[in-house]
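Peer 1: So that we are looking at the same thing, I have put the structure below in structure tokens.
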Amino acid sequence: MTLVVRRRIRAGHEAGYEQRLTELGELLGRVPGYRGTGILRPAGGGREYTVVARFDSLSSAAAWELSPERTAWLDAIAPMVDDQLSFERQPGLDFWFTPPAAPTLSQPRRWKMTLLTLLVLYPVSVGVTLLVAPLVGSWPLGLRALAQMVLVVPSMTYLFMPLATRSAARWLSPD
């Protein structure tokens, strides 16, 4: 489960909001089931921030949404925020790659994202194939593929790609 929140920050409050984003990361790090955060910062003088928080389940995301820590954090940013532009809950595949923390940097190069995805997806896919083959070997091709994808997609989304992107963060950086 992924929560995606877009907010417009009041002019002159960017530094304070950046500090609160650091605090948000620390708060989320204590939530059971939390898997990581991505922050899309405004480009070229804009004021719209997007925060993407990933959780392992709907119940983990709901626990954060209903927590007193979240309420206190929202109260703390209220004077800094013009508008909450949108709030979305996105199940399933979401952002495997998020921009680096510094606002002047951009998304990783596409070839790096592609290469890392292939390097992670290939062994996961082969491993799942070897794991499920004895169980589904006699099934029609479409059902065998579906059984594999039911294991591959969640494991890539919630386990392997978050680990890989954290491990390769320095290499993924455009600098």
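Peer 1: Do we have GLU26 as within 29 Å of LEU159 (Cβ to Cβ) and of a type in the set (D, E, K, R) here?
Peer 2: yes
Peer 1: Then there's this: Checking THR104 against (1) under 17 Å from GLY38 (Cα atoms); (2) within 19 Å of the chain's Cα centre (by Cα); (3) at pLDDT below 90: exactly one of these is not met. Which one?
Peer 2: It is condition (2) that THR104 fails.
Peer 1: A further question follows. Which of the residues that make up the range 12-30 are of a type in the set (A, V, I, L, M) and farther than 18 Å from THR71 by Cβ?
Peer 2: Result: ALA15, single match.
Peer 1: Take the residues of the range 75-88 that are loosely packed, with under 14 Cβ neighbours inside 10 Å and either aliphatic (A, V, I, L, M) or without any contact (Cβ under 8 Å) to a residue 40 or more places away in the chain (or both): which is nearest to VAL4 (Cα to Cα)?
Peer 2: My answer is LEU85.
Peer 1: Applying the selection to the range 121-154, what residues are under 24 Å from LEU3 (Cα atoms) and touching a helix residue (DSSP H, G or I) at 6+ places or on another chain (Cβ under 6 Å)?
Peer 2: Of everything in the range 121-154, those that are under 24 Å from LEU3 (Cα atoms) and touching a helix residue (DSSP H, G or I) at 6+ places or on another chain (Cβ under 6 Å) turn out to be LEU151, VAL152.
Peer 1: Would you be able to say whether some residue in the range 13-32 is over 17 Å from the mean Cα position of the chain (by Cα), outside the structural domain of LEU159 (by TED's automatic domain parsing) and of a type in the set (Ser, Thr, Tyr)?
Peer 2: Looking through the range 13-32, at least one residue is over 17 Å from the mean Cα position of the chain (by Cα), outside the structural domain of LEU159 (by TED's automatic domain parsing) and of a type in the set (Ser, Thr, Tyr).
Peer 1: Now a separate question. Pick from the range 13-29 the residues that are more than 16 Å from VAL81 (Cβ to Cβ) and touching a residue at least 12 places away in the same chain (Cβ under 8 Å): which of them is surrounded by the most Cβ atoms within 10 Å (Cβ to Cβ)?
Peer 2: Of everything passing the filter in the range 13-29, LEU28 is surrounded by the most Cβ atoms within 10 Å (Cβ to Cβ).
Peer 1: Pick out the one residue from ARG6, ARG10, ARG47 that is surrounded by fewer than 19 Cβ atoms within 10 Å (Cβ to Cβ) and in contact with a Leu (Cβ under 8 Å, 6 or more places away or on another chain).
Peer 2: So the residue among ARG6, ARG10, ARG47 that is surrounded by fewer than 19 Cβ atoms within 10 Å (Cβ to Cβ) and in contact with a Leu (Cβ under 8 Å, 6 or more places away or on another chain) is ARG6.
The values are calculated or read from the model by the stated rules, or taken from the named source; none is laboratory data. This is a predicted model, so every value here is computed, not measured. Because the Cβ atoms are built from the backbone with ideal geometry, glycine has one as well, and the counts that use them run over all protein chains shown.
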